[in-house]
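The values are calculated or read from the model by the stated rules, or taken from the named source; none is laboratory data. Given the structure is predicted, the values throughout are model-derived calculations rather than measurements. Note: ideal-geometry Cβ built from the backbone for every residue, glycine included; neighbour counts use all protein chains shown.
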Amino acid sequence: MFGRDGLWLWPYEIHGVLCRIFVIIAYVSVEAGVYAIQAAVDIVQCIALGKSFDLRPVIDRLDQLHQRGKLGPSTQCIVDASIARDIPWRRLDTESYIQFGQGKNQRRIRATMTDATSNIAVECVQEKRK
């Protein structure tokens, strides 16, 4: 999914009546987003049935998923700058490989190196003793 917003339809049944929940969320991690949607549906079902629901395990799991999937500080700064400029971005792997823009105007970065960073520049930076 390109971007960070999602609209999900979740069918479920309460007291023999088929119901549909429309959930709209913004997320950074797809895994955390899907888990949050499932938890939201469970919470609504419990409320509708008059049952209690323990939020602590849900919050702990969401925090764990967030910590595992968040970008490093320098990559996050670049992503934040693209968001401020309305440039669409997309995470291409579970690390820090990011695509900005679309089509012929797209650029890609891994951490803070862009697809335009020359191999010579990378080797010069790596040779810190010279």
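Restricted to region 2-51, and to residues that are assigned to a loop (DSSP other than H, G, I, E, B) and in contact with a helix residue (DSSP H, G or I) (Cβ under 9 Å, 6 or more places away or on another chain), which residue is modelled with the lowest pLDDT? Step by step, filter region 2-51, then rank; the result is R4.
Quick check on region 99-115. Is at least one of its residues at pLDDT 90 or above, surrounded by 13 or more Cβ atoms within 10 Å (Cβ to Cβ), under 18 Å from A32 (Cβ atoms) and not hydroxyl-bearing (S, T, Y)? The answer is no; no qualifying residue exists.
The condition of being of a type outside the set (D, E, K, R) and under 30 Å from T112 (Cβ atoms) holds for only one of A81, A48, A40, that being A81. Here is a check on your reading of the model: is I87 more than 12 Å from the chain's Cα centre (by Cα) and touching a residue at least 12 places away in the same chain (Cβ under 8 Å)? Yes.
Look at region 96-116: where a residue is assigned to a loop (DSSP other than H, G, I, E, B) and a partner is aromatic (F, W, Y) and surrounded by fewer than 13 Cβ atoms within 10 Å (Cβ to Cβ), sitting 6+ places away or on another chain with Cβ atoms under 8 Å, you get Q102/F2.
Out of the residues in region 83-95 that are outside any helix (DSSP H, G or I) and under 24 Å from R68 (Cα atoms), which is modelled with the lowest pLDDT?
First, pick out the residues of region 83-95 that are outside any helix (DSSP H, G or I): 85-95.
Then keep just the ones that are under 24 Å from R68 (Cα atoms); that gives 88-95.
Values: P88: 93, W89: 92, R90: 89, R91: 87, L92: 87, D93: 84, T94: 78, E95: 81.
Filtering first and then ranking leaves T94.
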